[in-house]
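Okay, structure first, notes after.
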Amino acid sequence: EIVMTQSPATLSVSPGERATLSCRASQSVSSNLAWYQQKPGQAPRLLIYGASTRATDIPARFSGSGSETEFTLTISSLQSEDFAFYYCHQYNKWPPSFGQGTKVEIK
Amino acid sequence: EVQLLESGGGLAQPGESLRLSCVASGFTFRNYALNWVRQAPGKGLEWVSSISPIGVSTYYADSVKGRFTISRDNSKNTVYLQMNSLRVEDTAVYFCAKSFVTEADAFDFWGQGTMVTVSS
């Protein structure tokens, strides 16, 4: 099983600042990586797939980069609605696996 | 508009069974793989099971293999998760999620989830 490790566990950011979240895979997942946003009591929402392609209706302030084992989700200027949990997900190899999540909180 | 609506959750005792359902609308159901993902209280996301568009191929996490069965009825736009021999550690919100296309893919739409509590 591919282990996905996200860092940091918690990221404290002021509104308007840039947030950089990391996700590392224990072996190569090529570009078969997705990012999701989840707010308390809600379902996850797909933000990024294919490591760098924004999903439909996702604002341009969200961007993804990386390949193989190292990936980054960047939120260029945090808005109030962006404070949430973020999960990476590899779908390159069975079984699919998620990172443990990063909580983005207001500083 | 794509919608996924789960049902069937509730309280069960260890060893008992539950069947979850997920009714889909807003897309051509038979063309897409479907998945179940769970989230224990206060924890992260855990993939549980996937099924191919016409139901020929199924996949399971080791933690549920032999106890859970995924199936689908394309005439009813519904995917099921039969959960037998439930354990306390199966307690979670269970989400139904649509694959982008295939079984090995990102999950582009999610239901709101149904809570399963296993407790004596």
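The residues of the stretch B:79-102 that are at pLDDT 95 or above, within 20 Å of B:Val56 (Cβ to Cβ) and surrounded by fewer than 18 Cβ atoms within 10 Å (Cβ to Cβ) amount to a single one, B:Gln82. Residues that are part of a loop (DSSP other than H, G, I, E, B) and more than 14 Å from chain A (Cβ to nearest Cβ) do occur in the stretch B:90-102, at least one of them. Against the conditions (1) modelled with pLDDT under 95; (2) open to solvent by 60 Å² or more (accessible area, probe 1.4 Å), B:Arg19 satisfies every one except (1). Checked against the criteria, B:Ala61 does not count as open to solvent by less than 20 Å² (accessible area, probe 1.4 Å), within 19 Å of A:Tyr91 (Cα to Cα) and in contact (Cβ under 8 Å) with a residue 60 or more places away in the chain. In the stretch A:78-94, the qualifying residues are those that are open to solvent by less than 40 Å² (accessible area, probe 1.4 Å) and over 13 Å from the mean Cα position of the chain (by Cα), and the one that is nearest to the other protein chains (Cβ to nearest Cβ) is A:Tyr91. Specify the residue that is farthest from the other protein chains (Cβ to nearest Cβ); the eligible residues are those in the stretch B:103-120 that are in a loop (DSSP other than H, G, I, E, B) and open to solvent by 60 Å² or more (accessible area, probe 1.4 Å). The qualifying residue farthest from the other protein chains (Cβ to nearest Cβ) is B:Ser120.
The listed residues are B:Leu5, B:Leu11, and the only one of them that is at pLDDT 95 or above, in contact with a Cys (Cβ under 8 Å, 6 or more places away or on another chain) and not charged (D, E, K, R) turns out to be B:Leu5.
When the stretch A:95-107 is filtered for residues that are over 10 Å from A:Leu21 (Cα atoms) and either among the acidic types (Asp, Glu) or more than 8 Å from chain B (Cβ to nearest Cβ) (or both), the ones remaining, listed by number, are A:Glu105, A:Ile106, A:Lys107.
Being open to solvent by less than 40 Å² (accessible area, probe 1.4 Å) and within 11 Å of the chain's Cα centre (by Cα): is that true of A:Gly50 here?
no
Restricting to the stretch A:44-58, and then to whatever is in a strand (DSSP E or B) and of a type outside the set (S, T, N, Q), can you tell me which residue is farthest from the other protein chains (Cβ to nearest Cβ)? Only one residue tops the list, namely A:Arg54. When restricted to residues that are part of a strand (DSSP E or B), over 10 Å from the mean Cα position of the chain (by Cα) and closer than 12 Å to B:Ala92 by Cβ, the stretch B:19-55 contains 3. The C-beta contact set for the stretch B:79-94 (first residue under 15 Å from B:Tyr60 (Cα atoms), second residue part of a helix (DSSP H, G or I), distance under 8 angstrom, 6+ apart or interchain) comprises B:Met83/B:Asp90. Every test in (1) under 28 Å from B:Thr58 (Cβ atoms); (2) at the interface with chain B (Cβ under 10 Å from one of its Cβ atoms); (3) out of contact with any His (no Cβ under 8 Å at 6 or more places or on another chain) is passed by A:Gly41 save one, and that test is (1).
Taken together, the residues in the stretch A:64-107 that are in a strand (DSSP E or B) and among the aromatic types (Phe, Trp, Tyr) amount to 5.
Is it the case that some residue within the stretch B:45-58 is within 29 Å of A:Tyr86 (Cβ to Cβ), of a type in the set (A, V, I, L, M, F, W, C) and away from chain A (no Cβ under 14 Å)? There is no residue in the stretch B:45-58 that is within 29 Å of A:Tyr86 (Cβ to Cβ), of a type in the set (A, V, I, L, M, F, W, C) and away from chain A (no Cβ under 14 Å).
The values are calculated or read from the model by the stated rules, or taken from the named source; none is laboratory data. In this text the structure is predicted, and so the values were computed from the model without any measurement. Quick reminder, even Gly has a Cβ in these numbers, built from the backbone with ideal geometry, and neighbours come from all protein chains shown. Just so you know, the surface numbers come from the protein's heavy atoms only, side chains and all, with ligands and any DNA or RNA stripped out. Shrake-Rupley method; radii C 1.70, N 1.55, O 1.52, S 1.80 Å.
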